[in-house]
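The values are calculated or read from the model by the stated rules, or taken from the named source; none is laboratory data. Small disclaimer: the values here were computed from a predicted structure and weren't measured. Quick reminder, even Gly has a Cβ in these numbers, built from the backbone with ideal geometry, and neighbours come from all protein chains shown. Surface areas here come from the heavy atoms of the whole protein model, side chains and all, with no ligands, DNA or RNA. Shrake-Rupley method; radii C 1.70, N 1.55, O 1.52, S 1.80 Å.
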Amino acid sequence: MGEQHANEYALGTFEDAGEQFPAAVFGDQVVDLRTVLPGVSRIGDLFARWEAHLDVLGSIDPAVAGARALEGLNVLPPVQPVGSIIAAGANYREHVLQMSVAHKLGAEGADAAQLKADAAAEIDERGRSGDPYVWTGIPSAVCGAYDEVQLPDVGGNVDWELELGVVIGRRAHRVSAEDAFDYVAGYTIVNDITARTLVPRNDIAMMGTDWFRAKNQPTFFPTGPYVVPKRFIPDPAKLRIRLSLNGTPMQDALADDLLFDIPSLIAYASSVAVLLPGDVLITGSPAGNGSHWGRFLKDGDVMEAEISGLGIQRSTVRGPSGQLPPWYMDRPDAVAAAGRAAP
């Protein structure tokens, strides 16, 4: 969690001997919320009286409250029940420039310098006059911060995208940017895993991209380990986002290169849909993805991901199962078109 201050804590969901429980995390100790907040059996129960519950937790003396060791507990996705993932795409300027070059997104025949210049002009104009690009992830794709990431049997070039997650704490609909932070409960870490070969839909080019199949496969959203309440993060733009692959740094940036900032994203998303307590808004990935490095995930890789003050993820990658889904069993052409991951 980073440097601890008096009464500072994080929140998480843990499992011990098959039993799940919500807890406040004080350094290397946890306090079972069920013992200090009657009626709270999961993190989602906190949202109805979020600030009042946080005040109670802030007054806890872990030694008096029966704290237990964090070590040895199974760390689950922190917010239970898991909400929807509201995802902002193409929201870090340098990331967009890198992706435009890596995937040759621009005029046919343009060199890297021209692709980058054209992308810069386009994204700057979108920042001045456009809207955020937002799509949705489903709860079943969420896994814990230390769970394995499973490569798909259909789809390849599986990439990482470490992102700051904003946990919604109140029902939000048609919220203004000025009021947006009033709807934030806290912050967490989300790695937005993407099977790049599943993004384009060449069979229906008029529809563009297919984020459902590219991003919603099981384990594709490692989340957590904790939620750190907003009151402990005065300026999320100063958080440092870092990801390493097998010990080699890949992403390292501050959360301040956003094309659309957190209030703008909440205002835009809530202008379209009703955001619910427990939903997680992920704010986009900084530069340094596998597409840029020309290196994608493979069996045995280990990703270590950290956002300052929010904890550390450690995800081991496992190869495809080797068993095609029934949809693809008799469709070798579809498997080839989607880019089946190598065993």
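Worth pointing out:
- Search result, residues across the range 217-249 that are buried (at least 19 other Cβ atoms within 10 Å of the Cβ) and closer than 30 Å to PRO325 by Cβ: GLN217, THR219, PHE220, PHE221, PRO222, THR223, GLY224, LEU243, LEU245
- Number of residues in the range 123-151 that are open to solvent by 50 Å² or more (accessible area, probe 1.4 Å) and over 25 Å from ALA195 (Cβ atoms): the value is 6.
- Of all residues in the range 181-192 being in contact (Cβ under 8 Å) with a residue 24 or more places away in the chain and over 17 Å from GLY137 (Cα atoms), the one that is most open to solvent (accessible area, probe 1.4 Å): PHE181
- Only one entry in PHE212, PHE221, PHE232 is touching a Gly at 6+ places or on another chain (Cβ under 8 Å), closer than 22 Å to VAL142 by Cβ and at pLDDT 95 or above, namely PHE221.
- The residues in the range 287-315 that are closer than 26 Å to HIS103 by Cβ, touching a helix residue (DSSP H, G or I) at 6+ places or on another chain (Cβ under 8 Å) and assigned to a loop (DSSP other than H, G, I, E, B) can be counted, and the count is 6.
- When LEU310, LEU265, LEU258, LEU276 are screened for being touching a residue at least 60 places away in the same chain (Cβ under 8 Å), surrounded by fewer than 21 Cβ atoms within 10 Å (Cβ to Cβ), in contact with a Ser or Thr (Cβ under 9 Å, 6 or more places away or on another chain) and under 29 Å from ARG174 (Cα atoms), only LEU276 passes.
- Residue list for the range 193-203, restricted to those being touching a residue at least 40 places away in the same chain (Cβ under 8 Å), in contact with a strand residue (DSSP E or B) (Cβ under 6 Å, 6 or more places away or on another chain) and surrounded by fewer than 24 Cβ atoms within 10 Å (Cβ to Cβ): ARG196
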